[in-house]
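Beneath this line is the structure, given in structure tokens, with notes to follow.
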Amino acid sequence: FIRAAAVISGLDEDGVEAVEIAVMEAVENVIDHGGNDRATTIRVEVHPTHDSLTVEVKDRGRPWPRAVLDGEVGREMPPPEAARGRGMAMMHALMDEVTPVQYEDGTKPLRMIKKIPPQARVAGQSGE
């Protein structure tokens, strides 16, 4: 459904693939880093508007590290010899905005936004 939402929003093939890869990476990060003692449910929501496509990947696993919430890590690729740490940097490179959020109830969405170029915007989308 991610591909369909991106195509319907008017993204070109590069934009569609960027959204797909970013979402796959976000889900993989929840699986790798977000788990806790109970089974983790991952919820993916898509919110299209006339000028952007927002995707939220939500779970209630381990809280975001403070450094991630503060934007201190995850924006730059780690050195080539690093075994891990490329996921958030990839998402930042592929999407226009990437924002981790932590709510009091334990929900922690990762909000990713891909802007739709003006020439590709679909008439009739909400927000016009």
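The values are calculated or read from the model by the stated rules, or taken from the named source; none is laboratory data. As the structure is a prediction and not an experimental result, all values here were calculated from the model. A quick note on method: Cβ atoms are made from the backbone with ideal geometry, for glycine too, and the neighbour counts reach across all protein chains shown. Ligands, DNA and RNA are excluded from the accessible area calculation, which covers all protein heavy atoms including side chains. Shrake-Rupley method; radii C 1.70, N 1.55, O 1.52, S 1.80 Å.
Take the alpha carbon gyration tensor of the chain, find the square roots of its eigenvalues, order them as a ≥ b ≥ c, and report rounded if a/c is under 1.5; if not, report prolate when a/b exceeds b/c, else oblate. Working shown, then result.
Details: a/c = 2.09, a/b = 1.52, b/c = 1.38.
Since a/c reaches 1.5 and a/b is larger than b/c, the shape of the chain is classed as prolate.
Within 10 Å of each candidate Cβ there may be at most 11 other Cβ atoms; applying that plus a DSSP loop requirement, which trypsin sites (Lys or Arg not before Pro) in the range 1-89 survive? List each step's numbers first, then the result.
On the way: sites: Arg3, Arg38, Arg43, Lys58, Arg60, Arg66, Arg75, Arg84, Arg86; in loops: Arg38, Arg60, Arg75, Arg84, Arg86.
Passing both the DSSP loop test and the Cβ count: Arg38, Arg84.
Where does the charge balance sit around Leu110 when Lys and Arg score +1, Asp and Glu -1, over other residues with C-beta under 12 Å from its C-beta?
On the way: positive: Arg43, Lys58, Lys108, Arg111; negative: Glu25, Glu28, Glu45, Glu56, Asp59, Glu97.
With Lys, Arg at +1 and Asp, Glu at -1, the neighbours total -2.
Probe radius 1.4 Å, ligands and nucleic acids ignored: give me the carbon and sulfur share of the accessible area of the range 15-78 as a rounded percent.
Values: 1810 of 3650 Å².
Using a 1.4 Å probe with all protein chains present, the range 15-78 comes out at 50 percent carbon and sulfur.
Per-residue HN-Hα couplings for the range 82-89, Karplus 6.51 cos²θ - 1.76 cosθ + 1.60 at θ = phi - 60°, whole Hz, x for Gly and Pro?
5, 6, 9, x, 9, x, 5, 5
Between Glu97 and residues 5 or more places away or on another chain, which pairs have amide H atoms under 5 Å apart, with H built 1.01 Å from N, and which residues are they?
Hits under the 5 Å cutoff: Ile113.
Give me the net charge of Leu94's neighbourhood, meaning all other residues with Cβ under 15 Å from the Cβ of Leu94; Lys, Arg count +1, Asp, Glu -1. Walk me through the numbers on the way to the answer.
On the way: positive: Arg3, Arg75, Arg86, Arg111, Lys114, Lys115; negative: Asp12, Glu13, Asp14, Glu17, Glu20, Glu25, Glu28, Glu76, Asp96, Glu97.
Residues near Leu94 contribute -4 overall.
Top mean-square fluctuation among Asp51, Asp70, Asp96, Gaussian network model of the chain, C-alpha springs under 10 Å?
Judging by the Gaussian network model, the answer is Asp70.
List, in order, the whole-Hz ³J(HN,Hα) value for each residue of the range 53-69 obtained from phi through the Karplus relation with A = 6.51, B = -1.76, C = 1.60 and θ = phi - 60°; use x for Gly and Pro.
Values per residue, Gly and Pro as x: 10, 9, 10, 10, 10, 10, 8, 10, x, 4, x, 4, x, 3, 5, 6, 4 Hz.
First check a/c for the range 71-124, with a ≥ b ≥ c the square roots of the eigenvalues of its C-alpha gyration tensor; if it is under 1.5, answer rounded, and if not, answer prolate when a/b is larger than b/c or oblate otherwise. Before the final figure, lay out the partial values.
Details: a/c = 3.70, a/b = 1.37, b/c = 2.70.
In terms of gyration-tensor shape, oblate.
Are there GluC sites (Glu not before Pro) in the range 1-85 that DSSP puts in a loop and that have at most 16 other Cβ atoms within 10 Å, and which ones? Write down the numbers at each step before the final one.
Values: sites: Glu13, Glu17, Glu20, Glu25, Glu28, Glu45, Glu56, Glu72, Glu76, Glu81; in loops: Glu72, Glu76, Glu81.
Here the sparse-neighbourhood loop sites are Glu72, Glu76, Glu81.
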